[in-house]
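Inspection log for the structure reproduced underneath, given as structure tokens.
The values are calculated or read from the model by the stated rules, or taken from the named source; none is laboratory data. Just so we're clear, the structure is a prediction, and the values are computed from it rather than from any experiment. Cβ atoms come from the backbone with ideal geometry, glycine included; neighbour counts cover every protein chain shown. Quick note on the areas: whole protein, heavy atoms, side chains included, nothing else; ligands and nucleic acids left out. Shrake-Rupley method; radii C 1.70, N 1.55, O 1.52, S 1.80 Å.
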2 protein chains.
Amino acid sequence: MKRRRFVRAAGLGVAAPAAVAAPAIAQPAPALRWRAISSFPKSLDTLFGALELFCRRVGELTDGRLTILPFAAGEIVPGLQVLDAVQGGTVEMGQTAAYYYVGKDVTFAFDTAIPFGLNTRQHMAWWLHGGGREAMNEFYKAHGVVGLLFGGTGAQMGGWFRKEIRSVEDLQGLKMRVGGLAGQVLARLGVMPQQIAAAEIYGALEKGTIDAAEWVGPYDDERLGLNRVAPWYYAPGWWEGGAAVTLYIGAKAWTALPPAYRKAVEVACMDVTLWTIARYDHGNPAALRKLVEGGTRLAAFPIPVLEASIAAASQLYDEIAARNPAFARIYASWKSYRREQAQWFRIAEGGFDSFMATQSAQNKL
Amino acid sequence: MKRRRFVRAAGLGVAAPAAVAAPAIAQPAPALRWRAISSFPKSLDTLFGALELFCRRVGELTDGRLTILPFAAGEIVPGLQVLDAVQGGTVEMGQTAAYYYVGKDVTFAFDTAIPFGLNTRQHMAWWLHGGGREAMNEFYKAHGVVGLLFGGTGAQMGGWFRKEIRSVEDLQGLKMRVGGLAGQVLARLGVMPQQIAAAEIYGALEKGTIDAAEWVGPYDDERLGLNRVAPWYYAPGWWEGGAAVTLYIGAKAWTALPPAYRKAVEVACMDVTLWTIARYDHGNPAALRKLVEGGTRLAAFPIPVLEASIAAASQLYDEIAARNPAFARIYASWKSYRREQAQWFRIAEGGFDSFMATQSAQNKL
């Protein structure tokens, strides 16, 4: 409008064609249209909701010039092929869990969680200030992607069991839906790990094809209805003390992106990270209450089970490190980071949380 | 440049004066210059660093059109007058701890922490998804400000003591630098709370004018050198299980801000929140190790002290609620939120963290 007024004021008396007038804006950043795929279905509304929030946020922060369209698992590629699709340039970016790709290289797991790893806040500290982001992205170079922190679920549950677990012996021969490194650790204790897609867990557990299954936590598990086919619900999910979500971006697409857009993407990731973790923390309590009211038997893994598991995990890590230099490099610094974090967290955070837990157990809150 | 080319192409043959050419840009948002003050000195580099990061980020997200300049405590107004300066319009915004203003109304404390309150993640869940932001901002209307979450310190330490605390009786007559609601709770157990500015804590503790002082946690405390004048370092700081920082913005300035700028401010706050919490979590472990290596005696408050304190706190809240409707309204919903959060957090998060704490205590990590 003002453009026209100027043109008229200059006495031209003609309307400037829009196509010519547009470049008058001082070198605007290009309008781009990207696609972001997800490993998760729309029914996981916290995870897929996080991707939708991200797309909206980037649009707001770039005046709508960087448009990113979200696609759920299966809409463009299957959920477990997100990394491949981003690597290959099928899409520019994808939301996934890095540890889905441990088959390519176990090192991916550090980006999500490894058994007896960092809790959520420790992982964020490692990623943002402890060199985690740099270490993982150095590793990602060979895979043609850039990885950004994209939220997390908090500590997960240990899953649903048809029978009570009283000892390490009770794990012998147990068929459990559990993947990645957790499956490898549990296999050393006699478990027979099974890879089963989310949609088929319910049926497998109902029929008794499997004896146990881990998924996420109360909020997501309750939606799968696993409580209806297995009575025991164990804690904690020691293989995911703080499972993080990752956003992969094709390295070439990332490098070619104008710096202002890169900043918008990075800041939107921080927003989404906080939003996602807080949404799980908000949703889990009510879901847990509903489950317990519906008859779910909440139980804690016996300490000897946890001790045998961490011993098996440490041994496994040492073996992997001996043959995988990328894993070894990150493991060395990550391990000392975990040691220091655990020392500190048991003082103030742990002291506070465990007193509040006792008060809660005594119904005093 | 392209503007001129168009003008030449149109055959005018004159350079358009800059002042006239400028409006050709499609109604750009106005260039604004704001000031953000802080309650914290530059020496608290995580807190003041968060404000600097925020100002930089807003600049990046608005193409430098919303410029915000950060000022440390005392540069424009004293640290504890941030709310007043924002309320009165001296500056547009300020970073502070809401509970500094409990003298105006105790209700402010919910925004930071109240004794035996929410931990950091629970507070974020309450603020972002549990109605906390809405409840506090409803309260803030009468005070002429808008409040945004601006990070936090994590669970704080219980402070430095010249003598060991073995029982509730040991608190009798203890002069302790501790403010707000924590001071009121401790007064019920015989402590004589003292209000002392940060810069004077060291001297007061050294001279024995006071017997104890709480500040933040290892990272900040070590810089004040409190370990050199008091040997005992207690955990947890049950009055700040997850102390949050607040950014106040004058309500009129906020309403007048273009929506795109408001969005940039809000998203930058999320970025800063994550960055700050992670930076404390990153910095505390090394500081704690340094303190312990230097002779600091780390200790946990005896459980009877915690139990007497939470009983006194609950009684205090009931008394306040009986005479303060704003406090009562928020306390009712906040209390049930705390109950539900504590129930859930002791299952997966608590189960995981406490096992890792045990492993840490046994030097197995």
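With a 1.4 Å probe rolled over the protein heavy atoms of all chains, the accessible area of B:S38, A:S314, B:S333 falls in the order B:S333, A:S314, B:S38, largest first. B:K175 exposes around 80 Å² of accessible area when a 1.4 Å probe is run over every protein chain in place.
Note on B:K42: aspartates and glutamates with a C-alpha under 17 Å away, same-chain residues under 8 apart excluded, are B:E52, B:E75, B:E200, B:D220, B:D221, B:E222. Amide H contacts for A:E92 (H built 1.01 Å from N in the peptide plane; partners 5 or more residues away or on another chain; cut-off under 5 Å): A:R35.
Could you sort B:300-307, B:106-113 so that the peptide with the highest average Cβ count within 10 Å comes first and the rest follow in order?
Highest mean packing first, the order is B:106-113, B:300-307.
As a test, work out the antiparallel percent of DSSP beta bridges whose residues both lie in chain A, rounded to the nearest 5. Around 45 percent antiparallel, to the nearest 5. Sorting the segments B:320-330, A:178-188, A:240-250, B:90-100 by their mean number of nearby beta carbons within 10 angstrom, highest to lowest, gives A:240-250, B:90-100, A:178-188, B:320-330. For region B:171-184, 3J(HN,Hα) computed residue by residue from phi via the Karplus equation (6.51, -1.76, 1.60; θ = phi - 60°) reads 7, 3, x, 5, 8, 10, 6, 7, x, x, 5, 4, x, 5 Hz, glycine and proline entered as x.
As an exercise, take the mean of 1/r over every pair of distinct alpha carbons in region B:213-365, invert it, and state the Kirkwood radius in angstroms.
19.4
Could you tell me the calculated FRET efficiency between B:A31 and A:K252, based on Cβ-Cβ distance and R0 = 35 angstrom, to the nearest 0.05? For B:A31 and A:K252, the calculated efficiency is 0.50. Cα convex hull, region A:144-199: 139 Å³ per residue, rounded to a whole number.
Tell me the carbon and sulfur percent of the accessible area for the protein assembly as shown, rounded to whole percent, probe radius 1.4 Å. Don't jump to the answer; show the numbers that get you there.
On the way: 14930 of 28470 Å².
Result for the protein assembly as shown: 52 percent of the exposed heavy-atom area is carbon or sulfur.
Give me the base-10 log of I(q)/I(0) for chain B at each q in 0.12 Å⁻¹, Debye formula, one uniform scatterer per Cα, rounded to two decimals. For chain B at q = 0.12 Å⁻¹, log10 I(q)/I(0) is -0.92. Residue by residue along B:227-239, Cβ atoms of other protein chains within 10 Å of the local Cβ number 2 on average. In order along region B:152-166, the phi-based Karplus estimate (6.51 cos²θ - 1.76 cosθ + 1.60, θ = phi - 60°) of 3J(HN,Hα) comes to x, 9, x, 4, 8, 8, x, x, 9, 10, 6, 10, 5, 10, 9 Hz; Gly and Pro are listed as x. Inter-label distance, B:I303 to B:R262: 5.0 nm, where each label sits 7 Å from its Cα along the C-beta direction. Seen against the Cα atoms of chain A and their longest principal axis, helix A:45-61 is set at about 20 degrees.
Quantify how strongly other chains surround peptide B:118-127 by giving the mean number of their Cβ atoms within 10 Å of each of its Cβ atoms.
5
Around the amide H of A:L298, modelled in the peptide plane, lie the amide H atoms of A:Y233, all under 5 Å away and 5 or more residues distant in sequence or on another chain. Once the Cα atoms are used to define both axes, helix B:198-207 deviates from the longest principal axis of chain B by about 20 degrees. The mean accessible area for residues of the protein assembly as shown, using a 1.4 Å probe and ignoring ligands and nucleic acids, is 39 Å² per residue. Annotation for A:T90 and A:H129: the two label points, set 7 Å from Cα along the Cα-Cβ direction, are 4.0 nm apart. Remark: region A:89-106, residue by residue, has Karplus-estimated 3J(HN,Hα) of x, 4, 9, 7, 8, x, 9, 7, 9, 4, 6, 5, 10, 5, x, 6, 6, 4 Hz, where x stands for each Gly or Pro and the curve is 6.51 cos²θ - 1.76 cosθ + 1.60 at θ = phi - 60°.
The alpha-carbon positions of the protein assembly as shown define a convex hull whose volume is 167 Å³ per residue. Judged by the mean number of other Cβ atoms found within 10 Å, the most tightly packed of the peptides B:76-82, B:30-36 leads the ranking B:76-82, B:30-36.
What number, rounded to the nearest 500 deg cm²/dmol, is the helix-based mean residue ellipticity at 222 nm of chain B, given -39500 (n - 2.57) per DSSP H run of at least four residues and division by all its residues?
So the calculated ellipticity at 222 nm is -15000 deg cm²/dmol.
Annotation: amide H-H contacts under 5 Å for B:F71 (H modelled 1.01 Å from N, sequence separation of 5 or more, or interchain): B:A36, B:I37, B:S38. Within 10 Å, Cβ to Cβ, of A:T209, how many net charges do the neighbouring residues add up to if Lys/Arg are +1 and Asp/Glu are -1? Around A:T209, the surrounding residues sum to 0.
Placing a pseudo-label 7 Å from each Cα along the Cα-to-Cβ vector at A:N137 and B:T358 gives an inter-label distance of 3.9 nm.
When B and A come together, around 7600 square angstrom of accessible surface is lost from both chains combined, probe 1.4 Å.
Rounded to the nearest 10 degrees, the inclination of helix A:303-323 to the longest alpha-carbon principal axis of chain A is 60 degrees.
Pairs of alpha carbons in region A:101-142 separated by more than 14 Å make up 47% of all such pairs. Inter-chain neighbour count for A:258-265: the average number of beta-carbon atoms from partner chains within 10 Å of each residue's beta-carbon is 1.
Our summary gives chain A a relative contact order of 20 percent, counting only alpha carbon pairs under 8 angstrom and 6 or more residues apart.
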